[in-house]
Ligand SMILES: [Zn+2]
């Protein structure tokens, strides 16, 4: 979000916003709800399943985007729009997709999973253990033998696409070597082996960045856009954006050069101007690494010295390059930092990154047809994020709870006000047992950390189901409560691939 949009947002978040709009009781009459229901029913009756084969699959992952995150982001975006009533009735772009299922996210060894086994389940159809990247659960974590690793590798949808002559792309706002994007193209017994500097000395397994540029199925990944530049540059090579900083690699290999040497029409970019200048017609393989580590949160993006494309811009560029292949493509797009903002206990950035994901999905829908493209939006896992209390309609979602018809804020047993948004655990825990008085705290500020019941340095993932939204060929197969690994089956079927081969 740019600063002017933030200013608009905070202005609109003030309770006075609703002063000239009619109270809900006047506009939301019994007649209104019945008419609204009739309209929705009519739309549902029009719905027909698309049994075609998909030419393309676009899979969006909101990392850590639990259902409470979607609801709060919906209200936040609704409250930032001029014609809003309260924000609650608004919808993010992907909430308008016609098919919906729930995804059970547990991994083989954990009730509450991390991103490595969950993305492995989504992209290979097999659940595995925490920390493992597209290898099965019978391998030892941090196994050191490449020969053993090969016996446990799982075939990913991206690999199948390349084998079948389709194009493929991976986009993330996190490091492109981070667990979620890595599970698309790499196989590793340890999610942290992102560059050779993280590898133990006595292993012959390749680091994840190297696996990305040496991907040898089909004609390799066509698009890889995200953060994580240091994983590709030697520790003697100065970073092109951050003065005085260097790459991370110990082997002296510049993997961005390897990428350029691999393919005849390849490009490597690291900032906004390079990204904007990419000639889509003459570029077959595009590598974009816009930060040494993760890309900026959407709220902070405009402050970046080198400039960074938004998730929507990266999605559009990826589609432009991939759609040149008439056989089709598989594209995975991750909003990787919703998760990281939640870990930090910072709802503002988690929600504004969720809105950026919604923008990217909207752009993808504009650029593709639901006749030929299966589009899925889901999360790998949830977070301990809650929307609570009894705030009145239109109460600022980032604000303190104010109840309908009452003056002043709602208070706890000790007379202290509280925010609507909170976490079960995390760094937002304040005081020693006693709560802090937030009466004069600017809780809608981007840097405010929502309160947490249990003090932890990093807020944790949560185990409840996440949503799967879908449209396009075979999207109707996403219904009911499903194992997370089922998402792969629907994508493989839509493309006419045999599962696991
Ligand atoms: Zn996480």
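Which ordering of 368, 378, 407 is given by a fewest-first count of other beta-carbon atoms within 10 Å? The partial results should precede the final answer.
Values: 368 20, 378 24, 407 6.
The fewest-first ordering by Cβ neighbours comes to 407, 368, 378.
Fewest first, what order do 94, 32 take by the number of other Cβ atoms within 10 Å?
Values: 94 26, 32 12.
Ranking 94, 32 by Cβ neighbours within 10 Å, fewest first, gives 32, 94.
Could you run the Debye sum over the Cα atoms of the range 362-419, one equal point scatterer each and no solvent, and tell me log10 of I(q)/I(0) at q = 0.15, 0.26, 0.31 Å⁻¹, two decimals?
Values returned for q = 0.15, 0.26, 0.31 Å⁻¹ are -0.65, -1.05, -1.27.
Compute the semi-axes of the equivalent ellipsoid of the range 241-341, taking the square root of 5 times each eigenvalue of the Cα gyration tensor, and list them largest first in whole Å.
Details: eigenvalues 106, 77, 34 Å².
Semi-axes (√(5λ), whole Å): 23, 20, 13.
Quickly rank 238-250, 217-229, 174-186 as a protection proxy: mean count of other C-beta atoms within 10 Å, highest first.
174-186, 217-229, 238-250
Return, for the Cα atoms of the range 147-205, the radius of gyration and Dmax in Å, separated by a comma.
When restricted to Cα atoms, the range 147-205 yields Rg and Dmax of 12.8, 37 Å.
When each pair of different Cα atoms in the range 170-247 is counted once in the 1/r mean, what is the Kirkwood radius in angstroms, to one decimal? Walk me through the numbers on the way to the answer.
Working: mean 1/r = 0.0764 Å⁻¹.
Hydrodynamic radius (Kirkwood, Cα only) of the range 170-247 equals 13.1 Å.
What's the long-distance tail for the range 209-250, i.e. % of Cα pairs beyond 15 Å? Intermediate results must be reported in sequence, preceding the final value.
Values: 413 of 861 pairs.
Here the tail beyond 15 Å accounts for 48 percent of pairs.
Defining a contact as two alpha carbons under 8 Å apart and six or more residues distant in sequence, what relative contact order in percent does the chain show? Numbers along the way, then the final one.
Values: 1174 pairs, mean separation 123.9, N = 501.
Rounded, it is 25 percent for the chain.
On a 0 to 90° scale, report how tilted helix 347-367 is relative to the longest principal axis of the chain, with both axes built from alpha carbons and the result rounded to the nearest 10.
Helix 347-367 sits at roughly 60 degrees to that axis.
On the first, second and third principal axes, largest extent first, how far apart are the outermost C-alpha atoms of the range 114-243 in Å?
Here the Cα extents, ordered largest to smallest, are 43, 36, 25 Å.
Would you please classify the overall shape of the chain from the alpha carbon gyration tensor, given that a ≥ b ≥ c denote the square roots of the eigenvalues, rounded means a/c under 1.5, and beyond that prolate means a/b larger than b/c while oblate covers the rest?
Working: a/c = 1.71, a/b = 1.42, b/c = 1.20.
Cα axes put the chain in the prolate bin.
If you fit an axis through the alpha-carbon atoms of helix 311-322 and take the longest principal axis of the Cα set of the chain, what angle between them do you get, 0 to 90°, nearest 10?
Roughly 40 degrees, rounded to the nearest 10.
One quarter of the convex hull surface, Cα atoms only: what value does that give for the range 247-298 in nm²?
Values: hull surface 17.7 nm².
The directionally averaged projection comes out at 4.4 nm².
When the helices in the chain are scored as -39500 (n - 2.57) per DSSP H run of 4 or longer and the sum is shared across all residues, what 222 nm value do you end up with, to the nearest 500 deg cm²/dmol?
Numbers: 15 runs with 145 residues, N = 501.
Here the helix-only value at 222 nm equals -8500 deg cm²/dmol.
Hey, how many Å between the Cα centroid of the range 201-249 and the Cα centroid of the range 451-501?
So the two Cα centres are separated by 28 Å.
One-quarter of the Cα convex hull surface for the range 383-501, in nm²? Please report the intermediate quantities before stating the final value.
Values: hull surface 45.4 nm².
So the mean shadow area of the Cα hull is 11.3 nm².
Would you mind checking the tilt of helix 30-46 against the longest principal axis of the Cα atoms of the chain, expressed as 0 to 90 degrees and rounded to 10?
Its long axis makes an angle of about 20 degrees.
Please report, in Å, the Rg and the Dmax of the range 291-382, where both are computed over Cα atoms only.
Reported Rg and Dmax, both Å: 14.3, 44.
Going by C-beta contacts inside 10 Å, put 208, 454 in order with the fewest on the left. Numbers along the way, then the final one.
Working: 208 31, 454 12.
Fewest-to-most ranking of 208, 454: 454, 208.
Using only Cα atoms, locate the centre of the range 124-149 and the centre of the range 289-342, then give the distance between them in Å, rounded to an integer.
27 Å
Taking the square root of 5 times each eigenvalue of the Cα gyration tensor, what semi-axes in Å does the equivalent ellipsoid of the range 48-114 have, largest first? Can you show the working numbers first?
On the way: eigenvalues 146, 91, 20 Å².
The three semi-axes for the range 48-114 are 27, 21, 10 Å.
Jot down the per residue volume, in cubic angstrom and as a whole number, of the convex hull over the alpha-carbon atoms of the range 168-314. Could the numbers behind the result be given before it?
Values: hull volume 15.9 nm³, N = 147.
With only Cα atoms used, the range 168-314 gives 108 Å³ per residue.
No value in this document is a laboratory result; all are computed from the given coordinates. Quick caveat: nothing in here was measured; it's all calculated off a predicted structure. FYI the Cβ positions are ideal-geometry reconstructions off the backbone, even for glycines, and counts take in every protein chain you see.
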